[in-house]
Amino acid sequence: MQDGWTIDIDAVGTPAPDASVFDEQLAALERVLEPYSGAAATNEERDRYGARFSLDTDSINPVDVLEQALDIFHDAAADAGLPAWQIVHCEILTYAEDDATADEGG
């Protein structure tokens, strides 16, 4: 297994006025995050979007990893045409911790 981190980031803002455009942007976010095994999601109100992706790195410094992850997320969201909403949730787990959490059903 490679060293690295699993990252979850969520952003919240004003509901998207056009659901179909927002859904296309969300699909674009997922395509941009493909190199990171990324997935994107929103809620029914479309006032939130988020992504879960992987970051392969030898870094053990969570601050460095979070900074790098936020850069990836912001760049991917901008490339996808999504609004630059407020980040409200960030979670980073090492691959080993993510696997252990999944094994526990969490």
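Using Cβ contacts closer than 10 Å as the measure, can you line up I72, I87 from fewest to most?
Details: I72 20, I87 15.
With the sparsest Cβ surroundings first, the list reads I87, I72.
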Computed for the chain: size of charge dipole around the Cα centre, +1 on C-beta of each Lys and Arg, -1 on C-beta of each Asp and Glu, debye to nearest 20, value 340 debye
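Counting other C-beta atoms within 10 Å, which of D99, D71 has the fewest, and how do the rest follow? Write out the running numbers ahead of the final one.
Values: D99 13, D71 10.
Ranked by crowding around the Cβ, least crowded first: D71, D99.
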Once E44 and H89 are pulled to full extension, the length gained, defined as 0.36 nm per residue separation minus their Cα-Cα distance, is 14.4 nm
Dividing the alpha-carbon radius of gyration of the chain by 2.2 N^0.38 Å, where N counts its residues, gives 1.08
Here Rg/Rh (Cα, Kirkwood) for the range 1-42 equals 1.07
If the label point sits 7 Å along Cα→Cβ of A19, residues of the range 79-106 with amide N under 19 Å come out as 83
Here the net charge surrounding V12, from other residues whose Cβ is less than 9 Å away from its Cβ (Lys, Arg +1; Asp, Glu -1), is -1
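Read-outs throughout are calculated quantities, based only on the coordinates presented, and are distinct from any laboratory measurement. Since the model is a prediction, treat every value here as computed from it, not as a measurement. Quick reminder, even Gly has a Cβ in these numbers, built from the backbone with ideal geometry, and neighbours come from all protein chains shown.
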